[in-house]
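Trainee: Below is one structure. I have some questions about it.
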Amino acid sequence: MRITVAVSGLLAIGCCLTFGQTTKTPSFDVASVKPVTSAAGDRQPIDFRVQPGGRLTITNLRLKVIIREAFGVKDYQIAGGPAWMDTDRFDIAAKAEGDPTRQQMMTMLQALLADRFHLMVHRETKEGNIYALAVAKNGPKFKPSSADETYVRLPKYTSGPAWGELHDRRPEGLHGAVR
């Protein structure tokens, strides 16, 4: 009985010490975040690179795209935030110690976004509509295509007033043939 009580007491003390410790969030050693001016941003290419040696280079990207990459989510999964998140672009250059993995770099980018942009995130489950493609009662109504129906409609680019008018391009013809 005494042994059980002593072991329980040691476990309780060990649990308190373990939960009392704070874990350090991984972060970049050095990071630079600069807004891109609209005049320069229109001419500058966009880029998102995680390079060996712990380097992260983000060039001319909207904040929403950076958040999407950092958290591994789709655009429709991001809700809220200021309107400038969809328009303002940023350059980020960061260096981490050692050679971290891409996942570790994304965790560091999340910490950088929280620090520099005061980004606060919470996750929630939302219900939405889904669409199911189902076969009709009597089966599919597909018909095999014939040789004269294998073409694609493409726009014809001309400099005249009919620019963008659609023209048929047959397989024997030029661009866009489906074979």
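The values are calculated or read from the model by the stated rules, or taken from the named source; none is laboratory data. This is a predicted model, so every value here is computed, not measured. Here the Cβ is made from the backbone with ideal geometry for all residues, glycine too, and neighbour counts use every protein chain on show.
Trainee: Of all residues being modelled with pLDDT under 90 and part of a helix (DSSP H, G or I) in the range 28-66, which is nearest to ASP99 (Cα to Cα)? Just the residue, please.
Mentor: My answer is GLY41.
Trainee: Check THR25 against each of (1) exposed (fewer than 11 other Cβ atoms within 10 Å of the Cβ); (2) under 28 Å from ALA111 (Cβ atoms); (3) at pLDDT below 90 and name the one condition it does not meet.
Mentor: Unmet condition: (1).
Trainee: Something else now. Here is a check on your reading of the model: is ALA12 in contact with a strand residue (DSSP E or B) (Cβ under 9 Å, 6 or more places away or on another chain) and either at pLDDT below 75 or closer than 20 Å to GLY98 by Cβ (or both)?
Mentor: No: the conditions fail for ALA12.
Trainee: Right, something else. Would you say PRO100 is part of a loop (DSSP other than H, G, I, E, B) and surrounded by 10 or more Cβ atoms within 10 Å (Cβ to Cβ)? Can you show your working first?
Mentor: Details: part of a loop (DSSP other than H, G, I, E, B): yes; surrounded by 10 or more Cβ atoms within 10 Å (Cβ to Cβ): yes.
Considered against the rule, which asks whether it is part of a loop (DSSP other than H, G, I, E, B) and surrounded by 10 or more Cβ atoms within 10 Å (Cβ to Cβ), PRO100 comes out as yes.
Trainee: Okay, moving on. Would you please name the residue that is farthest from LYS34 (Cα to Cα), looking only at residues in the range 87-141 that are among the acidic types (Asp, Glu) and within 19 Å of the chain's Cα centre (by Cα)?
Mentor: Filtering first and then ranking leaves GLU124.
Listed here are the residues, each with its yes/no results for (1) closer than 23 Å to THR125 by Cα; (2) in contact (Cβ under 8 Å) with a residue 40 or more places away in the chain.
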| residue | (1), (2) |
| --- | --- |
| VAL33 | no, yes |
| THR57 | no, no |
| ASN60 | no, no |
| PRO82 | yes, no |
| THR87 | no, no |
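Trainee: Output the number of the condition that TYR76 fails; it satisfies all remaining conditions of (1) more than 29 Å from ASP29 (Cβ to Cβ); (2) part of a loop (DSSP other than H, G, I, E, B).
Mentor: Here TYR76 clears every test but (2).
Trainee: Given the criteria assigned to a loop (DSSP other than H, G, I, E, B) and out of contact with any Ser or Thr (no Cβ under 8 Å at 6 or more places or on another chain), does VAL135 qualify?
Mentor: yes
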